[in-house]
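The values are calculated or read from the model by the stated rules, or taken from the named source; none is laboratory data. Keep in mind the model is a prediction, meaning the values are calculated, not measured. Cβ placement follows ideal geometry from the backbone for every residue including glycine, while neighbour counts extend to all protein chains displayed. Calculation scope for accessible area: heavy atoms of the full protein, side chains included, ligands and nucleic acids excluded. Shrake-Rupley method; radii C 1.70, N 1.55, O 1.52, S 1.80 Å.
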Amino acid sequence: MNKPVNANQEFQSDFLSVTEARTAISAVIHSLQAQARLHEAIESLPLKECLGRILASDVLSPINVPANDNSAMDGFAFNGKELDTAQDPVNLRIAGAIYAGQTHSPSIQMGECIKVMTGAMMPPNCDTVIPQEFTKSSEEGSITFAKDTVRAGDNRRLCGEDLQAGKPAIQRGRILKASDIGLAASLGIAKLEVYQRIKVAILSSGDELCSIGVPLQPGKIYDSNRFSLHACLSKLGFEIIDCGIVRDTPDDLRQAFMQAAQKADVIISSGGVSVGEADFTKQIMEELGQVGFWKIAMRPGRPMAFGSLKPVSPKTAPTVFFGLPGNPVAVMVTFYQFVRNALLQLSGALNPEIPLVSIQSAEAIRKKSGRTEFQRGILFRDPEGRLLVKSTGSQGAGILRSMSEADCFMILHHHQGNIAPGDWVDVEIFDGLL
Ligand code: AMP
Ligand code: MG
């Protein structure tokens, strides 16, 4: 794959910036999507199974929400014109009551009101509600309140103010959150059309890797990358095919990649893409498809391979390939910075980006311009209540504890230099609410 853009490279001429790498990945994903029409496969699922899935067609509201004008408060409903003419304080006679769920209400004359509960239909000729707590009952069967506590039209929810019948309530391409599931339920919709989940194969490459459950021999390490990748993918709801550990030989690599490409829409491998080591992987990738071996101006996670493998029977679409670096932190950083969005985009999600939040750094950080750094950060409040971020300490690409202790990435952008205490830095928070 050719290097996409060549502008503004301060670090080293053959390095891609993070932005260039993202642009190149996105372009390939778009063209593969057009060829493969991957996310045209749709399934209809009961609401309770839709959380985290990607909506395949707009949900149109079959009804007005709310279906009627109704009271937003417990109080007394009356005709707002009273406020033009009445004396201060206003005095109204209580002509009846209506509760939520009731459909019949006594009608009123001027000078009267109806006791209403939150959610109760507005009685005929009433457009205003005075909340109970602003009223006094001076005599049996009537209320008084100061005129300036309410304006005509206050405390009333209008028919269709939330959603109008026939208008989109939830848009195609949305990754469904708990609130979307509730919203669909509020419209009486039992099932939603979602895109089928894409299949993602994962494998770890390296002769030093040992499976969990096997005693660790000298010089070996446990394969942790497959487990962190499995967890990252599970959290996003993809179908995962675990292809295990692959030894660093051309035959093992060829066989593993060919098998994975038969079953999966995407393959994610880790390890074996550094200079020298990548020789085998490169050779196999040249046989099996079009894969670029990139050096990215970032820390951690410098080397990465990306491209596609030729369609293998029984599949007719190319398989997207991500060859992530081997270091455990670099795997997670490159996954979240490049792979996550690409997989969601491939699955039909329209706006998968994680929001960046600006937070003040608690400490000085040394940073070279010309590369993007993804430091692991911890959010905290100082004694004055200011929200600050500090680094988890040692930032080595192999120190997985730094990811485990962190609650955010501090993103130090390509052109950014040293950070002073109190400088604003962009942060990506690990946990969302819904
Ligand atoms: P590599 O990119 O293959 O040169 O690996 C870089 C570093 O990451 C080396 O220290 C590897 O031992 C380590 N590493 C590679 N793959 C894994 C894995 N699956 N789990 C844990 N560490 C790994
Ligand atoms: Mg290796």
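Quick test of your reading of the structure: T249 fulfils all but one of (1) at pLDDT below 95; (2) β-branched (V, I, T); (3) away from ligand 1 (no atom under 12 Å from the Cβ); (4) in contact with a strand residue (DSSP E or B) (Cβ under 9 Å, 6 or more places away or on another chain). Name the failing condition by number.
That leaves (4) as the condition not met.
Residues of the stretch 103-125 being among the hydroxyl-bearing types (S, T, Y) and either in contact (Cβ under 8 Å) with a residue 24 or more places away in the chain or exposed (fewer than 13 other Cβ atoms within 10 Å of the Cβ) (or both), which ones? Even if it seems obvious, please write down each step before you answer.
Our first condition is that a residue be among the hydroxyl-bearing types (S, T, Y); within the stretch 103-125, this holds for 103, 105, 107, 118.
Correct list: T103, S107, T118.
For the stretch 266-281, how many residues meet the condition of being within 25 Å of R340 (Cα to Cα), surrounded by 16 or more Cβ atoms within 10 Å (Cβ to Cβ) and modelled with pLDDT under 95?
Adding up the residues that qualify gives 5.
Has the stretch 84-102 got any residue that is open to solvent by less than 30 Å² (accessible area, probe 1.4 Å), touching a strand residue (DSSP E or B) at 6+ places or on another chain (Cβ under 7 Å), of a type outside the set (D, E, K, R) and not in a strand (DSSP E or B)?
No, the stretch 84-102 contains no residue that is open to solvent by less than 30 Å² (accessible area, probe 1.4 Å), touching a strand residue (DSSP E or B) at 6+ places or on another chain (Cβ under 7 Å), of a type outside the set (D, E, K, R) and not in a strand (DSSP E or B).
Here are the criteria: (1) buried (at least 18 other Cβ atoms within 10 Å of the Cβ); (2) assigned by TED's automatic domain parsing to the domain that holds G271; (3) in a loop (DSSP other than H, G, I, E, B). Tell me which single one A330 does not satisfy.
Every listed condition holds for A330 apart from (3).
Of the conditions (1) within 16 Å of ligand 2 (Cβ to nearest atom); (2) in contact (Cβ under 8 Å) with a residue 60 or more places away in the chain; (3) closer than 30 Å to F430 by Cα, A297 fails just one. Which one is it?
Among (1) within 16 Å of ligand 2 (Cβ to nearest atom); (2) in contact (Cβ under 8 Å) with a residue 60 or more places away in the chain; (3) closer than 30 Å to F430 by Cα, A297 violates only (1).
Determine which member of the set D248, D242 is closer than 22 Å to D207 by Cα and within 16 Å of ligand 2 (Cβ to nearest atom).
Unique residue meeting the criteria: D248.
Among (1) assigned to a helix (DSSP H, G or I); (2) within 14 Å of ligand 1 (Cβ to nearest atom), there is one condition E286 misses while meeting the rest; what is its number?
The single condition E286 does not satisfy is (2).
Restricting to the stretch 252-286, and then to whatever is of a type in the set (S, T, Y) and in contact with a strand residue (DSSP E or B) (Cβ under 6 Å, 6 or more places away or on another chain), can you tell me which residue is nearest to G307 (Cα to Cα)? It would help to see each step written out before you state the result.
Of the stretch 252-286, the ones of a type in the set (S, T, Y) are 269-270, 274, 281.
Within this subset, residues satisfying the condition of being in contact with a strand residue (DSSP E or B) (Cβ under 6 Å, 6 or more places away or on another chain) are 269-270, 274.
Working: S269: 12, S270: 14, S274: 16 Å.
Out of the qualifying residues, it is S269.
Only one residue in S402, S391 is of a type in the set (G, A, S), more than 27 Å from E43 (Cα to Cα) and at pLDDT 95 or above, so which one is that?
On inspection, the qualifying residue turns out to be S391.
Looking at the stretch 61-71 only, could you name the residues that are more than 22 Å from G141 (Cβ to Cβ) and open to solvent by less than 30 Å² (accessible area, probe 1.4 Å)?
S61, V65, P66, N70
Only one of V200, V214 is exposed (fewer than 15 other Cβ atoms within 10 Å of the Cβ), out of contact with any Ser or Thr (no Cβ under 6 Å at 6 or more places or on another chain) and of a type in the set (V, I, T); which?
The match here is V214.
Do the conditions hold for Q259, that is, is it within 18 Å of I198 (Cβ to Cβ) and away from ligand 2 (no atom under 14 Å from the Cβ)? Reasoning before the result, please.
Numbers: within 18 Å of I198 (Cβ to Cβ): yes; away from ligand 2 (no atom under 14 Å from the Cβ): yes.
The answer is yes for Q259.
Within the stretch 180-202, does at least one residue satisfy the condition of being outside any loop (DSSP other than H, G, I, E, B) and within 16 Å of ligand 2 (Cβ to nearest atom)?
Yes, some residue in the stretch 180-202 is outside any loop (DSSP other than H, G, I, E, B) and within 16 Å of ligand 2 (Cβ to nearest atom).
When you check Q255 against the structure, is it surrounded by 15 or more Cβ atoms within 10 Å (Cβ to Cβ) and in a helix (DSSP H, G or I), yes or no?
The answer is no for Q255.
Among the residues of the stretch 328-337, count how many are more than 15 Å from F238 (Cβ to Cβ) and away from ligand 2 (no atom under 16 Å from the Cβ). Spell out the reasoning first.
Taking the stretch 328-337 as the starting set, the residues that turn out to be more than 15 Å from F238 (Cβ to Cβ) are 328-334, 337.
So of that shortlist, the ones also away from ligand 2 (no atom under 16 Å from the Cβ) come out as 332-333, 337.
Going through the stretch 328-337 one residue at a time, the tally reaches 3.
Scan the stretch 111-143 residue by residue and report those that are closer than 14 Å to E82 by Cα and part of a loop (DSSP other than H, G, I, E, B). Working first, answer last.
Narrowing the stretch 111-143 to residues closer than 14 Å to E82 by Cα: 111-114, 125-130, 143.
G111, N125, C126, D127, listed by residue number.
Within the stretch 218-230, restricting attention to residues that are farther than 14 Å from L400 by Cα and away from ligand 2 (no atom under 16 Å from the Cβ), which residue is surrounded by the fewest Cβ atoms within 10 Å (Cβ to Cβ)?
P218
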